[in-house]
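Working notes for the structure below.
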Amino acid sequence: MADEAAVQKLLKDIRACTACADDLPHDPRPVLRASTSARICIVGQAPGTRVHASGVPFDDPSGDRLREWLGVDRDTFYDESRIAIVPMGFCFPGLDAKGGDKPPLKRCAKLWRTQLFETLGEIDFTVIIGTYAQAWHLGKARKKTVTETVAAWRDYMPSAITLPHPSWRNNTWLKKNPWFEADVLPVLRAEVAKRV
């Protein structure tokens, strides 16, 4: 059985981490949520500018869309006793030349992810969002593209489901892939409802 005190100590250590301070355009601010009682874990890319400012994961329009996809309200989503939120990078990595978020820094995964997932005990459903999370969590089972990986969502059930990022930048992807809303979202909502 997982030890809640050990998880909370680890979360405190992660939130105090400054290992990437020299690689970030701002002070480190690791953002994540977890508890030994959470049965669902949402794994995505990294905090964006708004999340960096607020310290609250998915505290932006992407989060609004993600909550709609999951079929949960804000209170349920932010109840860490039910839903853990563990991005690939815990700090906002900064913006690239085009104004998009840079990829998550790899150091978080090396320093913390394996230890954190070994410490968490009750996770039985992982929502894997985007290419970086899919690469880490699925390894060789990941397909060549995010679209192919999301289209193969049945391959990862019942313990995980693959999603594109809920960003507005993916509106075109959603229009090109209507099967996602028709086929994937009803199953996602049903699986989440069983566990919250």
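For the chain, give me the percentage of DSSP beta bridges that are antiparallel, rounded to the nearest 5 percent.
In the chain, approximately 15 percent of DSSP beta bridges are antiparallel ones.
Can you list the aspartates and glutamates whose alpha carbon is less than 17 Å from that of Lys9, not counting same-chain residues fewer than 8 positions off?
Glu80, Glu118
Taking only protein heavy atoms and a 1.4 Å probe, what accessible area per residue, in Å², does the chain have with all protein chains in place?
Roughly 50 Å² per residue, with all protein chains present.
First check a/c for the stretch 1-154, with a ≥ b ≥ c the square roots of the eigenvalues of its C-alpha gyration tensor; if it is under 1.5, answer rounded, and if not, answer prolate when a/b is larger than b/c or oblate otherwise.
Here the stretch 1-154 falls in the rounded category.
Contact order normalised by length for the chain, with contacts defined as Cα pairs under 8 Å and 6 or more residues apart; what percent is it?
Result for the chain is 26 percent.
Can you pull the percent of the stretch 66-196's accessible area that's carbon plus sulfur, 1.4 Å probe, other chains left in place?
51
Determine the alpha carbon to alpha carbon distance for each of Lys98/Lys143; Lys12/Lys110; Lys106/Lys140 and list only those over 21 Å.
Lys98/Lys143, as the Cα separations exceed 21 Å there.
Which value at 222 nm does the chain reach when only helices count, each DSSP H run of 4 or more adding -39,500 (n - 2.57), with the total divided by all residues and rounded to the nearest 500 deg cm²/dmol?
Calculated from helices alone, the mean residue ellipticity at 222 nm is -9500 deg cm²/dmol.
What's the extension gain from Arg189 to Ser81 if we count 0.36 nm per residue and subtract their Cα-Cα distance?
Answer, rounded to one decimal: 37.0 nm.
Grab the Cα-Cα distance for Ala19 and Asp3, subtract it from 0.36 nm times how many residues apart they are, and report the gain in nm with one decimal.
That pair, Ala19 and Asp3, stretches by 3.2 nm at full extension.
The values are calculated or read from the model by the stated rules, or taken from the named source; none is laboratory data. These figures come from a predicted structure and were not determined experimentally. Surface accessibility is based on the protein's heavy atoms, side chains included, excluding ligands, DNA and RNA. Shrake-Rupley method; radii C 1.70, N 1.55, O 1.52, S 1.80 Å.
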